[in-house]
Amino acid sequence: MRPLRFALAQGLLLSDALAALRAIGVDVSGITPGGRRLVVAGGEIEFVLARPSDIATYVERGAADLGIVGKDVLLETGAKVIELAELGFGACRFVVAAPREAVERSLDEYRHLGTLEVATKYPNVAERHFRARDIAVEIVKVSGSAEVAPLVGLADWIVDLVATGSTLRANGLAVIEEIASSTARLVANPASYHLRRREMAPLVERLATWAAAR
Amino acid sequence: MNRESGPIAPPRGFRDILPTEARELGVIEQTLAETFAASGFTPLHPPLLEYGTVDPAKGRRIQFLDSDGSLVALRPDLTTSVARLVAGRYRDMTGVLRLSYLAPVFREEPALSGGSREVLQAGVELVGGGGSLADAEILALLVESLERCGLPVCESTVQVGDIRLLTGLFATLPDDARGEVIRELRQGDIAGGLRRAGAAGMPADKLRRATAALTGVAGGVDGAGVGEICRVIELARDRWPGSAKGWGAPNLALLPALPYYTGIVFEAIHPDAGVVASGGRYDLLIGAFGEPRPAIGFAIDVLQLHRALFAESWQPRSQRPLLLLRASVDERATMRCAASLRAGGLAVAMGDVAERAGRAVIRAEVIDERLVKLDDGRVAEAAALAREMGP
């Protein structure tokens, strides 16, 4: 059987993920953040580096056995993976935000026109949220910088992922509602988890203990 | 290229199965049918369409409105169809039923996810049988079916869990909190489920036990009450008396997405193909359509099993070669020669065959009604050739 394959997200989560793995005694010396090698073999674990939103896909389809990925990605992709431990880092929140000055006006408009336009990079999370709240919206999918949308008249509100909220404030937006909070998760492919639990269990236990002690 | 007729590739999530693969699948299907029949299971054929009233696939159905306005769906699952059929047609026959099927089911998959929307299932349902003996018989039949097809079954191949034991881990929680925890576990969120259990006031020692059962080393959870699972596995292994075969791993984290299981659950998993088969006890499902009856069954995903066998360098048992007969000028003699070869048990095609699906061919030329000339120059009589090449 091939070594356990562990998918890690490049970008914000990577240094925290590497620190966590190092802390529980996993050799991650082959991985250089920002490096060009995307598959790092060696030892009992093979690492694959990918974009955060692809980690869930890799693990869901069994291209990787384990992964560290934000709950935000799992919520948006709906990937069928097993979430084994909450790791605590990478905290952020899905929020609904609107121009600070114009919240009342947009609500008036909603009563008048019967619908709101919402720009977001996370259409699934946004749609699920507004459907659960029985609010009629039109979702406008953008690939980046949703916070600009209300400023230029692309949409009334946005649904975005925020860590500190400073980007929202800088663009004159205020949080109307929090949808969900997110931290990094240790996830596994379901079939692989059941088949190779003996190998994975020590990693899961040590990572959970490490996260609980922080 | 003339594309007026529309796209040539099938719709997303569906694919053509070409003769080579179809031949290999045929070998697997035949083996499974024989294995099921040898344990007394009788094939039946539920319809392709079902009313959209019961939805085990939770919104993953391919459904549409019938011309009379009723909501119908391509069946997402055969167990539910069999349950409906049993509740209706066997209302008055309260004895044990042993039913089997080989048929496709259809499930919606998100676009661009590479998921297949058609799944070919071969399975059995034992209706009316309760207790460990029925559990063990079905579990053993699954292992036997996979092995007879040629899949090596090792210790971790068959994972066995139990919904009652899993729910029992959270017995101290109030009903609604326990329901929420199980719902999260069913979605794969073990970490979230355990956090919720802790927040709902589960005692620390119980929480540790549940954590060990769900995320600890499998099998090493005797304290968490997997004894009952082990007993069923032991009993199932007695299907091969005296054998030292160590298949079967107790695993309480096994919780299928299908919601109707009530007792033992199991999956057969292959490192390359993933989940090849799954099943379990569903004592309440038939009750959704009529009188409740205990039942247990499994379904093998035939295409995944084929993929697993392929990864194990499996070769289907070889077919006898096909004799390609070149016609002589006497067309009547050609017809009669082919007939006498076929009567002798040979597979004969007149002329050529472009798609041979991996089958070996032998070429021969018709000399007269009884004689052919093989390509190596040898002249053989139909009856003798049939004896030489026949089955």
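Within this structure, B:Arg195 passes the test of being surrounded by fewer than 21 Cβ atoms within 10 Å (Cβ to Cβ) and closer than 21 Å to A:Asn189 by Cα. Taking the listed residues A:Glu117, A:Glu199, A:Glu147, the one that is of a type in the set (Asp, Glu), in contact with a strand residue (DSSP E or B) (Cβ under 8 Å, 6 or more places away or on another chain), within 14 Å of chain B (Cβ to nearest Cβ) and surrounded by 15 or more Cβ atoms within 10 Å (Cβ to Cβ) is A:Glu199, with no other qualifying. For region A:1-30, the candidate set comprises residues that are in a loop (DSSP other than H, G, I, E, B) and closer than 20 Å to A:Val204 by Cβ; within that set, the residue that is nearest to the other protein chains (Cβ to nearest Cβ) is A:Met1. Looking only at region B:161-180, decide whether some residue is crowded, with 17+ Cβ neighbours inside 10 Å, in contact with a strand residue (DSSP E or B) (Cβ under 6 Å, 6 or more places away or on another chain), free of Cβ contacts under 8 Å to residues at least 60 places away in the same chain and assigned to a helix (DSSP H, G or I). No, every residue in region B:161-180 fails to be crowded, with 17+ Cβ neighbours inside 10 Å, in contact with a strand residue (DSSP E or B) (Cβ under 6 Å, 6 or more places away or on another chain), free of Cβ contacts under 8 Å to residues at least 60 places away in the same chain and assigned to a helix (DSSP H, G or I). Say we look at region B:116-138 and pick out the residues that are assigned to a loop (DSSP other than H, G, I, E, B) and either hydroxyl-bearing (Ser, Thr, Tyr) or surrounded by 17 or more Cβ atoms within 10 Å (Cβ to Cβ) (or both); which of these is nearest to the other protein chains (Cβ to nearest Cβ)? Going through the qualifying residues, I end up with B:Ser116.
If you scan region B:319-355, which residues turn out to be basic (Lys, Arg), part of a helix (DSSP H, G or I) and within 42 Å of the chain's Cα centre (by Cα)? Answer for region B:319-355, where residues must be basic (Lys, Arg), part of a helix (DSSP H, G or I) and within 42 Å of the chain's Cα centre (by Cα): just B:Arg342. Scanning region B:139-168 for residues that are within 14 Å of another protein chain (Cβ to nearest Cβ) and polar (S, T, N, Q) gives B:Ser156, B:Thr157, B:Gln159. When B:Ala73, B:Ala9 are checked against the criterion of being within 23 Å of the chain's Cα centre (by Cα), farther than 19 Å from B:Glu291 by Cα and free of Cβ contacts under 8 Å to residues at least 40 places away in the same chain, B:Ala73 stands alone in meeting it. Put simply, of B:Ala347, B:Ala354 the only residue that is of a type in the set (A, V, I, L, M, F, W, C) and touching a strand residue (DSSP E or B) at 6+ places or on another chain (Cβ under 7 Å) is B:Ala347. Figure legend. Inter-residue proximity from region A:70-83: first residues within 7 Å of another protein chain (Cβ to nearest Cβ), second residues assigned to a strand (DSSP E or B) and hydrophobic (A, V, I, L, M, F, W, C), beta-carbon distance below 9 Å, spacing 6+ or different chains. Indicated pairs: A:Val81/A:Val69; A:Val81/A:Val187; A:Val81/A:Ala188; A:Ile82/A:Val187; A:Ile82/A:Ala188; A:Glu83/A:Leu186; A:Glu83/A:Val187; A:Glu83/A:Ala188.
Taking residues in region B:371-391 that are at negative phi, and partners anywhere that are among the polar types (S, T, N, Q) and part of a helix (DSSP H, G or I), the pairs with Cβ atoms closer than 6 Å and at least 6 places apart or on different chains are B:Ala382/B:Ser340.
If you go through region B:93-114 and keep only what is of a type outside the set (A, V, I, L, M, F, W, C), surrounded by fewer than 17 Cβ atoms within 10 Å (Cβ to Cβ) and within 14 Å of chain A (Cβ to nearest Cβ), you end up with B:Glu109, B:Pro110, B:Ser113, B:Gly114. Cβ-Cβ distances below 6 Å connect the following pairs, each with a first residue in region A:9-26 that is of a type in the set (Asp, Glu), a second residue that is surrounded by 15 or more Cβ atoms within 10 Å (Cβ to Cβ), and a separation of six or more residues or different chains: A:Asp16/A:Phe89.
Values in this text are rule-based calculations from the coordinates and carry no lab data. No experiment lies behind these values; they were computed from the predicted model shown. Counting neighbours? That spans all protein chains shown, and the Cβs are built from the backbone with ideal geometry, glycine included.
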